[in-house]
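A short worksheet on the structure shown next.
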Amino acid sequence: MKQKNHRMLDFDKNKLDPAYDFINDPDYKYPSTGYRSNTAAILPDPLSYTTEATLAKLYLHLNEENRLGFHATKQKTDRVSNNFTRKTFASRIGKDTAELESYGISHRYLPITSEFIDEVNTTLTQQKNYRSG
């Protein structure tokens, strides 16, 4: 009994390697004519993306009872997807960008001698999201 993939091709364990070159593999090439054929959208992962992220945190121990924290986050993701389907005549490349900004200030109070309060946390944050594409 032979194992076959979704296109009924024989199993090849080399194609399990994430670095395998599907684009130049003759079994996975897009058809040169007849975009409505059953071989459309054959690449295993038609989505690629790049993410850039920055995170900064600073905590100051003012004394044994108080800690003050500052936070900042910046993240940007660019995505490119090949929306090639059986219903299209050519590939449709989708590009979109998502950006995230976040800020924050926090204060933690740990009273040493209080019988009623174990800990008090106060946090102020702001977050912005941008999407385009």
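The values are calculated or read from the model by the stated rules, or taken from the named source; none is laboratory data. Quick caveat, the model's predicted, so the values are computed rather than measured. With ideal geometry, Cβ positions are generated from the backbone for all residues, glycine too; neighbour counts draw on all protein chains shown. Heads up: the accessible areas ignore ligands, DNA and RNA and are worked out on the full protein's heavy atoms, side chains in. Shrake-Rupley method; radii C 1.70, N 1.55, O 1.52, S 1.80 Å.
Annotations for the structure displayed:
- Residue, modelled with the lowest pLDDT, within the stretch 5-23, restricted to residues that are open to solvent by 100 Å² or more (accessible area, probe 1.4 Å) and outside any helix (DSSP H, G or I): His6
- Put simply, of Thr54, Thr73, Thr97 the only residue that is at pLDDT 80 or above and exposed (fewer than 12 other Cβ atoms within 10 Å of the Cβ) is Thr54.
- Evaluated against (1) under 23 Å from the mean Cα position of the chain (by Cα); (2) modelled with pLDDT under 85, Thr88 falls short on exactly one condition, (1).
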